[in-house]
Structures are given as structure tokens and as C-alpha cells.
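Heads up: the structure comes next, in C-alpha cells.
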Amino acid sequence: MNIPYNKPYISGNELAYIEAAIREGAISGDGSFTHKCQQLLQQRYGFKKCLLTTSCTDALELAALLLGVGPGDEVIVPSYTFVSSANAFILRGATVLFADSSAESPNVDAESIRSLITPNTKVIVVVHYAGIPCDMVAINDIAREYGIYVVEDAAHALDAYYKGTPTGALGTLAAFSFHATKNVIAGEGGMLVINDEQFAARAEVLREKGTNRAAFLRGEIDRYEWVDKGSSFSPSELNAAFLFAQLEQLDHIQKRRLHLWNRYYQGLRMLELGKMAQLPLVHDYETHSAHVFYLVCANADERIALIDHLKSNGIQAVFHYLSLHQSPYYLQQHAPVKLPYTQHYAHCLVRLPLYFELTDEQLDYVVGKVLEFYA
Ligand SMILES: *Cc1c(COP(=O)(O)O)cnc(C)c1O
């Protein structure tokens, strides 16, 4: 048996669409495939405005620019996340304060966010870990009370819903990823969702090197000029063509991933009932994207032993994330802070293999080896 942690899924039309883009002679940014992807996602989720970007990292950087984040501003970010959720704001000279996860899940704890608010807080970043939505009623209440923007790092969370609203429509802005390790992929790619109308026009300009080229391409003006600051955030049409082939298969991809996720859950439920390991928590008012299936071991040694046991049986299980508040970069510049739940997940959480082509038999084999470890 050799079961990797992840394997990119190719849905079938990627090469044909890339060839079509080449034949059209339009392979730079903002061509027909970019617009098709954006329209598909706007229609499917009711997002006000979608802009494809070269990555989720870039979408977060565009968000930080758009919100005017700068020196003196404070941004609250969960510690249990990928570096990009914090870097986007560090690059603008802001101070990042790390919030803790909650006892029940790796998602950020609303009360931990509240404890970090100061008059300088400008943005709260949330990460829907494993594609399970954060506690958005509580978090948006805090944001409203203090007049703070909310940015969703929705890299894991395409096609999840919280109380009927899709993830990506829950904050001021949201960033998605189409990196090869995500559910729907473009190789490298991302998207910014703009939910607050006041940022829609300027987002187009900052994304197009500070020019009004987007309005020019729509025929609204007769030449395009330098009108603001900006940078280059549009992906090539070659990537957008690849992505469109994937988005057309979104239901198909999600159906399979949810099936696999549910099969893991059923197969491993006895570990949670026996209080041996913690499984993902999905409340009845929300759905998730089946991006990650994880279990949380009792302690760090048990996790190492479980990963080794799986490895010796040809199964690649991984842990993510290391906590950012314990990273060398952060500790060089700040006094250590204590975030016990973040540490707990950083030391004890294991992600099991989950990808479209994983078969039921392979999954059952993984479940069997996990149960064997705990027996
Ligand atoms: C993958 C990921 C990113 C980065 O996405 P890219 O598209 O590779 O830039 C950011 N945040 C989270 C939570 C991620 O999982």
C-alpha cells in the first residue's frame, strides 16, 4: 500500500480549455476564462464581486492594501493557520496579535479575539479550518461593536455554509485558494471576494497595477491611466482555463470528498465515543467543504507514534499547522505569549489522506490502521 496525503485531481477538460485560450491568442490576465470563473462563483454563491488572483496569499495582500492597513494598525489573526494569513498584514507594517483556538475545534475562539481588541484594532482575520466555518455570529458582533473589518481566509472553505450563508460571504472581504493542494485547483491561484460595495471599484484598480484598465476593457473609458497605487494580482488565462475546467466539476468533486469525509467519520467515531481522540466538530447549523479530515490525539508523543505507525503501513499522514506565535520569525521580535489551545492542536492534530481518487477500500485500510493503533 502507498497512500499519499494528497493528490491533485484532474477533472478532464483542463487541456482542452488551455488549448482554447491559446487559440484565442489571449493568455494574459482578465480574459474570457477569468470572467467565466468569476461569474460562475458569483452566481453559485451570490458573492457581490469576485476577482481571481495569482494565489490566496496575493488575495490576502490585496485585501490588506484595500483596507488601508498600515503602521500603527493592529490585526488579530489566529495563531493556528498558514503564514500567509499574517504575512499579508506584516508586509503593510501592521502589528499582528495572535488569537487562540477554541477547546472544541482548531477554529479561532471569539472570546480570545475580544480580549485582544484595542483602539488600534483594524482587522480581524478568521480561518475556517478544514473548511468548517468559524463562530461568525459572535465574531461579526465583536467587529460591529468596535467598527473593525473582518477578512475571511477561506482557503479551505470553498462550498461550506454557515447558517445558510456561504463561507466567503461572511466577512468584509474573503480570500480563497486554488493551490494544487486544495479541493478545486489551478496549480497556483486564488480569489478575492468583495462583500462590501465601498471596496469594489478600488479592488479592480489595485489589482491592475494601480490603473483603471478593467474599466477600459469594459469600454467605460477611452484610455487607461495610473490612478492609484497597486500591483499585479491577475492570473494568466492559462491558469483560469484550468480552473474553469475544475469549477465545472465542483459538485462532482465535493460529492466525492464529502463521501470520503463521512466514511472516515463513521469509521473513527468510536475513538471519540471512547474519549481516545477528538474528531472534527460540525454544528447542525453549518456545512463544511470536506477539505481536511483530522483527528486530535491525546498528546504529542501519541501523535508521533500514530504518524509512524501509519507511515510503516504505507500511509502518509501529516500535521499542520505549527503555531505562528511560536515561529522563529515572531519570537525574534516579540515576547512569548501563551495560547494553550493553539499549542494543543499544533502538537496533537493529525490529518489523514483525503483526495478525490482515494478509493473506499484505501480509506477503509487507513481507518483499520488507525483503529489498530488505538486497540
Ligand atoms: C493554502 C492556504 C493559504 C495560501 O494559499 P496560496 O493559494 O498557496 O497562496 C493561505 N491560508 C490558508 C489557511 C491555506 O490553507
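The residues on offer are ALA305, ALA214, ALA241, and the sole one that is part of a helix (DSSP H, G or I), modelled with pLDDT under 95 and either at negative phi or in contact with a Cys (Cβ under 8 Å, 6 or more places away or on another chain) (or both) is ALA214.
TYR294: under 24 Å from THR359 (Cβ atoms), surrounded by 17 or more Cβ atoms within 10 Å (Cβ to Cβ) and within 16 Å of the ligand (Cβ to nearest atom), yes or no?
Working: under 24 Å from THR359 (Cβ atoms): yes; surrounded by 17 or more Cβ atoms within 10 Å (Cβ to Cβ): yes; within 16 Å of the ligand (Cβ to nearest atom): yes.
Yes; evaluated as a whole, the condition is true for this residue.
Taken as a whole, the structure leaves ALA143 outside the set of residues that are surrounded by 24 or more Cβ atoms within 10 Å (Cβ to Cβ) and closer than 27 Å to GLN326 by Cα. Checking LYS229 against (1) open to solvent by 60 Å² or more (accessible area, probe 1.4 Å); (2) touching a helix residue (DSSP H, G or I) at 6+ places or on another chain (Cβ under 9 Å); (3) at pLDDT below 95, which test does it fail? Only one criterion is unmet by LYS229, namely (3).
How about segment 317-375: which of its residues are charged (D, E, K, R) and open to solvent by 20 Å² or more (accessible area, probe 1.4 Å)?
Just the residues of segment 317-375 that are charged (D, E, K, R), to begin with: 338, 351, 357, 360-361, 364, 369, 372.
Across segment 317-375, the qualifying residues are LYS338, GLU357, ASP360, GLU361, ASP364, LYS369, GLU372.
Within segment 252-271, identify whether any single residue is in contact with a Gly (Cβ under 6 Å, 6 or more places away or on another chain) and either open to solvent by 20 Å² or more (accessible area, probe 1.4 Å) or not in a helix (DSSP H, G or I) (or both), and answer yes or no.
No, that holds for no residue.
Would you be able to tell me the number of residues in segment 328-370 that are in a helix (DSSP H, G or I) and either assigned by TED's automatic domain parsing to the domain that holds ALA94 or among the basic types (Lys, Arg) (or both)? Residues flagged as in a helix (DSSP H, G or I) and either assigned by TED's automatic domain parsing to the domain that holds ALA94 or among the basic types (Lys, Arg) (or both) within segment 328-370 amount to 1. The single condition among (1) in contact (Cβ under 8 Å) with a residue 60 or more places away in the chain; (2) open to solvent by 50 Å² or more (accessible area, probe 1.4 Å); (3) in the same structural domain as PHE242 (by TED's automatic domain parsing) that PHE47 does not satisfy is (2).
The values are calculated or read from the model by the stated rules, or taken from the named source; none is laboratory data. These figures come from a predicted structure and were not determined experimentally. When we count neighbours, we look across all protein chains shown, and the Cβ atoms used for this are built from the backbone with ideal geometry, even at glycine. Ligands, DNA and RNA are excluded from the accessible area calculation, which covers all protein heavy atoms including side chains. Shrake-Rupley method; radii C 1.70, N 1.55, O 1.52, S 1.80 Å.
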